[in-house]
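Notes follow the structure.
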Amino acid sequence: MSDSERVVELLARRNAELASLLEIGKTLISSLELREVLQAIMSQVERLLQPKTWSLLLVDEDTNELCFEIAVSPVAQELKGIRLKMGEGIAGWVAQTGQPLLIPDVSLDSRFAHHVAEEVEYPVSSILCAPLKIRDRVLGVIELINTVGERTFDDDDLPLLGAVADFAAIAIDNARNYKRVSELVVTDDLTGLHNARHFHELLEYELERSRRYKSQVSLLFFDLDHFKEVNDRFGHLVGSRMIAEVGHLVKRHIRSSDRAARYGGDEYVVVLPNTGKQGALAVATNLLERFRAHLFLTDSNESVPITASFGAATFPDDAHDRTSLIRAADSAMYEAKEAGRNRVEYFSGKETKIMS
């Protein structure tokens, strides 16, 4: 190949790289859907660098391990269950050091995790890996793999993957920040449950689904018994911690399809989709028993018994819309209070008013 031909080839490659980076930039400003953005970014990587397989691994913030978020590979299913510790394998080394790495021949590098390749039965020749780093914090890595017999990566590939990794890190950071802000809008900051405003939207949505599919929706309404005495005796800081602890208990002991919210003060609501009377009573009874059995402690390790009065009602049996369903469940809760508290009552068909 002549010098002029090499120059033309180099210019063509640079133009292709610039076009890909431009496409990635457009994607970044057009969507906050993380998976969509990452797939678009990695499709450009595939086009330019032509890896045999590639993976995007993210750092699990709870365990500080790397897990496979996206994998395009004949063994993608097997990779999904694998986690790497910081420093383990090429990806772990890059995540730990924050430095990109090119390995032309993995058989000559001690950092390569042979046990992973053997576990998924996939032959690996060369690896190109770059960190997803933003503000000196590593969010994950992009790892490109070519198998034995394919072309190996070279030094020209490393800066390009580094630029793409920077874009991917921005996308991940933007998406996570957007998610956090969105959650703040709909979440009660004390309990981690939905807030009252979002609860009304959730309930309306479930009622509409119920009408469409001819199903039932039940609502639990409960508040904590004599909770003012806890605040008066131990102070509002302890009381706030108890309210948060109750919220966490509720979250742990309802189905993933159920929706719990803090309605206000020490009042809570739980939306139970596709649930009739007996199911609602079973959920309420289980939660009440959890409260009775749980050890609530003050700052001085003094035990504080916490119980609640539960009311339950079902749409469309007991109500025709959101407001009437809330009123029915609330009325049943007051029936539980009137009957001695620390119990569950189902809506009796008449509204109850008591003075507390």
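Things to note:
- Scanning the range 56-80 for residues that are assigned to a helix (DSSP H, G or I) and touching a Phe, Trp or Tyr at 6+ places or on another chain (Cβ under 9 Å) yields a total of 4.
- In the set Arg111, Arg83, only one residue is in contact with a Phe, Trp or Tyr (Cβ under 6 Å, 6 or more places away or on another chain) and not hydrophobic (A, V, I, L, M, F, W, C); that residue is Arg111.
- Test: residue in the range 234-250 that is under 17 Å from Ile326 (Cβ atoms), touching a residue at least 60 places away in the same chain (Cβ under 8 Å) and among the aliphatic types (A, V, I, L, M): no
- Sole residue being modelled with pLDDT of 80 or more, farther than 21 Å from Thr53 by Cβ and not assigned by TED's automatic domain parsing to the domain that holds Glu201, chosen from Val164, Val138: Val138
- Filter pass, Phe221 being closer than 19 Å to Ala329 by Cα and either touching a residue at least 40 places away in the same chain (Cβ under 8 Å) or among the aliphatic types (A, V, I, L, M) (or both): yes
- Restricting the range 253-310 to residues that are assigned to a strand (DSSP E or B) and over 27 Å from the mean Cα position of the chain (by Cα), the residue that is surrounded by the most Cβ atoms within 10 Å (Cβ to Cβ) is Phe310.
- The range 187-203 residues that are at positive phi, paired with ones that are surrounded by fewer than 22 Cβ atoms within 10 Å (Cβ to Cβ) and of a type in the set (D, E, K, R) (beta carbon under 8 Å, 6 or more apart): Gly192/Lys251
- Residue check for Leu84: without any contact (Cβ under 8 Å) to a residue 40 or more places away in the chain and in the same structural domain as Leu139 (by TED's automatic domain parsing): yes
- Residue check for Arg341: in the same structural domain as Val238 (by TED's automatic domain parsing) and more than 17 Å from Tyr205 (Cβ to Cβ): yes
- Selection status of Thr285, at pLDDT 95 or above and of a type in the set (S, T, N, Q): yes
- Among the candidates Ala117, Ala91, Ala130, residue that is part of a helix (DSSP H, G or I) and modelled with pLDDT of 90 or more: Ala91
- The residue that is surrounded by the most Cβ atoms within 10 Å (Cβ to Cβ), counting only those in the range 172-222 that are part of a strand (DSSP E or B) and modelled with pLDDT under 95, is His194.
The values are calculated or read from the model by the stated rules, or taken from the named source; none is laboratory data. In this text the structure is predicted, and so the values were computed from the model without any measurement. In this analysis, Cβ positions are derived from the backbone assuming ideal geometry, glycine residues included, and neighbour counts consider all displayed protein chains.
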